[in-house]
1. With angles folded into 0 to 90 degrees, how steeply does helix 50-81 sit against the dominant principal axis of the chain? Use alpha carbons for both and round to 10.
2. Taking 45 Å as R0, compute the FRET efficiency from the Cβ-Cβ separation of residue 138 and residue 176 and round it to 0.05.
3. So for the chain, averaging the separation of alpha carbon pairs under 8 Å that are six or more residues apart and normalising by length, what relative contact order in percent results?
4. With the contact rule set at Cα under 8 Å and sequence spacing of 6 or more, what percent relative contact order holds for segment 1-79?
5. Suppose the chain between residue 211 and residue 197 were pulled fully straight at 0.36 nm per residue; how much longer would it get relative to their current alpha carbon spacing?
6. Order these by the 10 Å Cβ neighbour count, fewest first: 150, 78, 195.
7. Taking other Cβ within 10 Å of each residue's Cβ, how do 179, 94 sort, fewest first?
8. Could you work out the relative contact order of segment 73-148? I mean the mean sequence separation of Cα pairs under 8 Å and 6+ apart, divided by the number of residues, in percent.
């Protein structure tokens, strides 16, 4: 049964990433990205070992903060452009540089880049998965490659390139409170990535309890 859950979770993660690639709306981009990342969480749980369970716990925290950051960015873009359609956007790094930086940080977290919370979460998941089912680990790793593809596509389309003519001179800067929210959320993702000890012991306490129930697995 555990092996079946592992396979289904790997398929969920990879399929969710493929679905994100074809999305044209920023809300659907976040939604299906979450589906893909929850596949990683389920993979960690299904390993039933310390590494996988720890990674799953960290991934839930990292994903929660990352998603909050993504929705904050999308909300700020929508308030000014009145559209969430990716093909209709472009060049937003000029009037909203901090928003662009925050979205890039969230994207790098989603890709599992070292130094950010996504790496701290995903590495133990794949370590535990490799110990359990190496083939499934290789399949699940495809999701990372696909994630990098859709993150880079959205960053390039929304924040770089030419800005549509109807937005020129009409995109206002974000407010001070917007900046505070972006800095706090981005800071948490960086802090956990650089110093995982702020979160790992809390997750580890729960993992130890689960392992005791499993007989020390």
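1. The answer is roughly 10 degrees.
2. Details: r = 47 Å, r/R0 = 1.04.
After rounding, the FRET efficiency stands at 0.45.
3. Numbers: 322 pairs, mean separation 63.0, N = 217.
Result for the chain is 29 percent.
4. On the way: 73 pairs, mean separation 23.5, N = 79.
The normalised contact order for segment 1-79 reaches 30 percent.
5. Details: separation 14, 0.36 × 14 = 5.04 nm, distance 2.02 nm.
Separation in residues times 0.36 nm, less the Cα-Cα distance, equals 3.0 nm.
6. On the way: 150 23, 78 14, 195 11.
Starting with the residue having the fewest Cβ neighbours, the order is 195, 78, 150.
7. Numbers: 179 15, 94 12.
By the 10 Å Cβ count, ascending, the order reads 94, 179.
8. On the way: 37 pairs, mean separation 13.5, N = 76.
Computed over segment 73-148, the figure is 18 percent.
Values in this text are rule-based calculations from the coordinates and carry no lab data. None of the values given here were measured: they were computed from a predicted structure. In this analysis, Cβ positions are derived from the backbone assuming ideal geometry, glycine residues included, and neighbour counts consider all displayed protein chains.
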